[in-house]
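Here is the structure we will look at, set down as structure tokens.
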């Protein structure tokens, strides 16, 4: 077993953590979240305008039907007027008045139908614009998704390579030391294994007591120790 294998184990674990962090926090992921939110908002607007368009189309058909019903009544009354069915002057005047009134109602329904048709055309234009905007977002989402897939594959390949290297480094280290290192790493991270620089443990936040320094100095070069001050693994 060599000290360098333990350092290599730590280096590869740190590299893997960095790679996994990079994978989770790809810049394209944040952009994709924004794009997906835009897509959802566009769809909500399209659905809302679409519902309004259905309501307007229903209203247009109703007004057209009402205008047709009145027009049919006008035709019937005019047939009576000009067919000689009505003879009295007052009856003729009443019928003429009714026809005029019906034509006014018919014109009103037709105007309302035209207004609804124009409103429907405006809504159709809005939907077309919204759908075009959503199509742009859809394209952006497709590009971002592809970029994320490629980036993930590249990072996964690096992680796999690091994992193979870690397995080799672990094989050159005793299982007991690997287990100790792994139990300490959650607390110390990339500084779980440090070197003794001759006067101090490189991981200690403060200067080591003289007795601890003397203890480490007395150990043979190449020894693997534990710092009694911080608890890290120290390579002599």
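For the stretch 87-98, state whether one or more residues are more than 19 Å from residue 43 (Cβ to Cβ) and outside any helix (DSSP H, G or I). Working first, answer last.
So the first thing to find is which residues in the stretch 87-98 are more than 19 Å from residue 43 (Cβ to Cβ), and the list is 87-98.
From what's left, outside any helix (DSSP H, G or I): 87-88.
There is at least one residue in the stretch 87-98 that is more than 19 Å from residue 43 (Cβ to Cβ) and outside any helix (DSSP H, G or I).
Of all the residues that make up the stretch 19-33, how many are out of contact with any helix residue (DSSP H, G or I) (no Cβ under 9 Å at 6 or more places or on another chain) and either at positive phi or surrounded by 13 or more Cβ atoms within 10 Å (Cβ to Cβ) (or both)?
Of the residues in the stretch 19-33, 0 are out of contact with any helix residue (DSSP H, G or I) (no Cβ under 9 Å at 6 or more places or on another chain) and either at positive phi or surrounded by 13 or more Cβ atoms within 10 Å (Cβ to Cβ) (or both).
Give the stretch 174-186 a look and list any residue that's exposed (fewer than 15 other Cβ atoms within 10 Å of the Cβ) and touching a residue at least 24 places away in the same chain (Cβ under 8 Å), or say none. Reasoning before the result, please.
Here is the first cut: in the stretch 174-186, the ones exposed (fewer than 15 other Cβ atoms within 10 Å of the Cβ) are 174-176, 179, 182-183, 186.
Selection gives 174 alone.
Within the stretch 124-147, identify whether any single residue is over 30 Å from residue 49 (Cβ atoms), out of contact with any strand residue (DSSP E or B) (no Cβ under 7 Å at 6 or more places or on another chain), in the same structural domain as residue 46 (by TED's automatic domain parsing) and in a helix (DSSP H, G or I), and answer yes or no. I'd like the intermediate steps shown before the answer.
The initial filter retains those residues of the stretch 124-147 that are over 30 Å from residue 49 (Cβ atoms), namely 146-147.
Then keep just the ones that are out of contact with any strand residue (DSSP E or B) (no Cβ under 7 Å at 6 or more places or on another chain); that gives 146-147.
Now narrow it down to the ones that are in the same structural domain as residue 46 (by TED's automatic domain parsing): 146-147.
If we keep only those that are in a helix (DSSP H, G or I) as well, we get 146-147.
Yes - at least one qualifying residue is present in the stretch 124-147.
Please work out if residue 36 is crowded, with 16+ Cβ neighbours inside 10 Å, assigned by TED's automatic domain parsing to the domain that holds residue 138 and at negative phi.
On the way: crowded, with 16+ Cβ neighbours inside 10 Å: no; assigned by TED's automatic domain parsing to the domain that holds residue 138: yes; at negative phi: yes.
No: the conditions fail for residue 36.
Is it the case that some residue within the stretch 68-77 is out of contact with any strand residue (DSSP E or B) (no Cβ under 7 Å at 6 or more places or on another chain), in contact (Cβ under 8 Å) with a residue 40 or more places away in the chain and surrounded by 12 or more Cβ atoms within 10 Å (Cβ to Cβ)? Can you show your working first?
Of the stretch 68-77, the ones out of contact with any strand residue (DSSP E or B) (no Cβ under 7 Å at 6 or more places or on another chain) are 68-77.
Subset that is in contact (Cβ under 8 Å) with a residue 40 or more places away in the chain: none.
Scanning the stretch 68-77, I find no residue that is out of contact with any strand residue (DSSP E or B) (no Cβ under 7 Å at 6 or more places or on another chain), in contact (Cβ under 8 Å) with a residue 40 or more places away in the chain and surrounded by 12 or more Cβ atoms within 10 Å (Cβ to Cβ), so the answer is no.
Test each condition in (1) touching a helix residue (DSSP H, G or I) at 6+ places or on another chain (Cβ under 8 Å); (2) crowded, with 17+ Cβ neighbours inside 10 Å; (3) assigned by TED's automatic domain parsing to the domain that holds residue 224; (4) more than 18 Å from residue 21 (Cα to Cα) for residue 194 and report the one that comes out false.
(1)
Determine the pairs where a residue that is on the phi > 0 side of the Ramachandran plot, located within the stretch 188-215, has a partner that is part of a loop (DSSP other than H, G, I, E, B) and surrounded by 19 or more Cβ atoms within 10 Å (Cβ to Cβ) with Cβ atoms under 6 Å apart, the partner being 6 or more residues away or on another chain.
none
The values are calculated or read from the model by the stated rules, or taken from the named source; none is laboratory data. Everything numeric here is computed off the predicted structure, so don't read it as measured data. Don't worry about glycine lacking a Cβ; one is built from the backbone with ideal geometry, like all the others, and counts go over all protein chains shown.
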